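For reference, the structure discussed in these notes is given below.
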Amino acid sequence: MKQSHLFTKTRKEAPADEASRNAELLIKGGFIHKEMAGVYSYLPLGLRVFNKIVQIIREEMNALGGQEIVLSALQEKATWEPTNRWSDDVVDNWFKTKLKNDTELGLGFTHEEPLTKLMSEYISSYRDLPKSAYQFQTKFRNETRAKSGIMRTREFVMKDLYSFSQDEAQHMEFYERSKEAYKKVFKRVGIGHLTYMTFASGGIFSQYSHEFQTVTGAGEDTIYIDESKGIAINKEVYTDEVIASLGLEKDKLVETRAVEVGNIFTLGTRFSTALGLKYTTESGEEKDVFMGSYGIGPGRLMGTIVEVLSDDKGIIWPEAVAPFRVHILELGDSEEVIKEATTLYESLTAAGIEVLFDDRVGLSAGEKFADADLLGMPYRVVVSTRSMKDGGVEVKKRSEGKGHIMKTAEFLSLLTDTTEK
């Protein structure tokens with residue numbers, strides 16, 4: 001991508017009403033556009049990041065055995081009445097509307113009910129279990145107050161996976177594997193070292209649910225971390241009894257702020273009982289299907305990455321999710337520099353390396369450097385009269401300090417070797 005072709009441009013200031021760091025940097029960099037409070041559009045650079053996060057999650061859900069689907073956002077009242085979750089007294093963040101014939105509809109805020117209802121057409125025997133299905137689907141939540149940029153919005157994409165098992169034992173086998181799948185997701189997107197599996201309230205279904213919390217001052221939750229064991233406890237269940245039951249020592253737990261980037265729940269038979277999802281055992285007995293729920297918000301994850309991997313100059317994208325791996329800066333308007341920068345761009349592109357080429361004219365070196373730091377690509381490569389005089393191009397990793405001169409072939413070899421590893 002040539003930067004001169006991007007219709008988006010960087011901004012010096014974010015909207016005055018935007019307090020969160022992730023939204024400030026993403027708006028200034030032209031990754032997202034704020035439509036209204038709690039509603040954002042993804043622009044070309046932002047969508048590239050978002051799609052890479054989605055693909056990482058998809059790969060891990062597929063490896064777990066999940067089958068991808070997409071359910072409708074429009075939901076009919078009858079689907080939700082058996083669980084009493086159509087009631088505004090029970091769920092207070094519905095967006096509801098009506099068809100022209102006055103039929104009442106809602107915009108889905110989650111999908112346990114519709115998928116349970118759907119599965120009743122495909123699950124009838126123990127031979128049909130276990131199964132798991134997931135989707136990346138737009139949810140709508142009529143929050144009283146939207147905040148924290150793209151980490152808490154009124155319209156957002158959620159990866160929600162639901163598991164269907166014969167009993168609790170079969171469910172727990174999948175549940176334990178899902179923990180590992182989630183850990184792989186957070187490691188691959190670059191925040192595994194800051195993310196802890198956290199024991200939280202399990203509601204009526206089990207003693208605990210498990211959240212995945214990323215340490216950040218921008219977080220809404222308070223957690224207590226055992227660094228040696230790599231686990232944490234949410235403040236909502238932080239009692240001496242819980243600490244003891246988990247084999248932890250209170251004086252070794254560190255209190256910190258964190259943001260929830262994923263969660264997994266045991267649902268039991270609440271939804272299957274209400275919606276009639278049953279199966280026949282090998283002995284002919286009829287039983288309710290045992291269920292679980294597993295969520296990650298790709299946009300929320302993207303916002304969290306920006307919160308924890310940025311500095312006073314801008315974003316520091318991990319290579320796995322960066323919109324482009326390399327950002328070439330063409331400094332100066334001499335024919336030699338233009339030719340060298342263009343040749344480098346074409347060579348990297350031909351090698352299958354994603355490159356953003358700052359070929360814009362009329363900007364100072366300082367302006368281009370500032371934009372490069374804000375946008376946060378892993379490698380910044382400067383082509384200038386000075387670099388050419390020194391025998392190559394100046395290469396600098398966004399996460400490190402000073403750059404150094406490398407020959408073009410040497411830099412290409414470095415990128416190729418790193419990709420192969």
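The values are calculated or read from the model by the stated rules, or taken from the named source; none is laboratory data. Nothing here was measured: the structure is a model prediction, and the numbers come from that model. Cβ coordinates were reconstructed from backbone atoms using ideal geometry, including for glycine residues, and neighbour counts include every protein chain displayed.
Quick look at the values:
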quantity	calculated
Close pairs (8 angstrom Cβ cut-off, 6 or more residues apart or separate chains): free of Cβ contacts under 8 Å to residues at least 40 places away in the same chain in the range 315-333, crowded, with 20+ Cβ neighbours inside 10 Å anywhere	none
Qualifying residues in the range 203-252 (those that are in a loop (DSSP other than H, G, I, E, B) and touching an Asp or Glu at 6+ places or on another chain (Cβ under 6 Å)) - the one farthest from G303 (Cα to Cα)	L248
Looking only at the range 75-110, and only at residues there that are within 30 Å of the chain's Cα centre (by Cα) and over 23 Å from S272 (Cβ atoms), the one that is surrounded by the most Cβ atoms within 10 Å (Cβ to Cβ)	L107
Scope the range 330-367; condition of a type in the set (G, A, S) and surrounded by 12 or more Cβ atoms within 10 Å (Cβ to Cβ); matching residues	G332, S334, A341, S347, A351, A365
Sole residue being of a type in the set (D, E, K, R), closer than 13 Å to L71 by Cβ and in the same structural domain as A73 (by TED's automatic domain parsing), chosen from E112, E104	E112
Test: residue in the range 305-322 that is out of contact with any Phe, Trp or Tyr (no Cβ under 9 Å at 6 or more places or on another chain) and in a helix (DSSP H, G or I)	yes
One residue from S148, S120, S124, S165 being small (G, A, S), crowded, with 19+ Cβ neighbours inside 10 Å, assigned by TED's automatic domain parsing to the domain that holds I27 and modelled with pLDDT of 95 or more	S165
Unmet requirement for A274, which otherwise passes all of (1) within 26 Å of the chain's Cα centre (by Cα); (2) outside any strand (DSSP E or B)	(1)
Which listed residue, of G262, G284, is at pLDDT 95 or above, assigned by TED's automatic domain parsing to the domain that holds N84 and surrounded by 15 or more Cβ atoms within 10 Å (Cβ to Cβ)	G262
Scope the range 1-59; condition in a loop (DSSP other than H, G, I, E, B), surrounded by fewer than 18 Cβ atoms within 10 Å (Cβ to Cβ) and among the hydrophobic types (A, V, I, L, M, F, W, C); matching residues	M1, L6, F7, A16, A19, A37
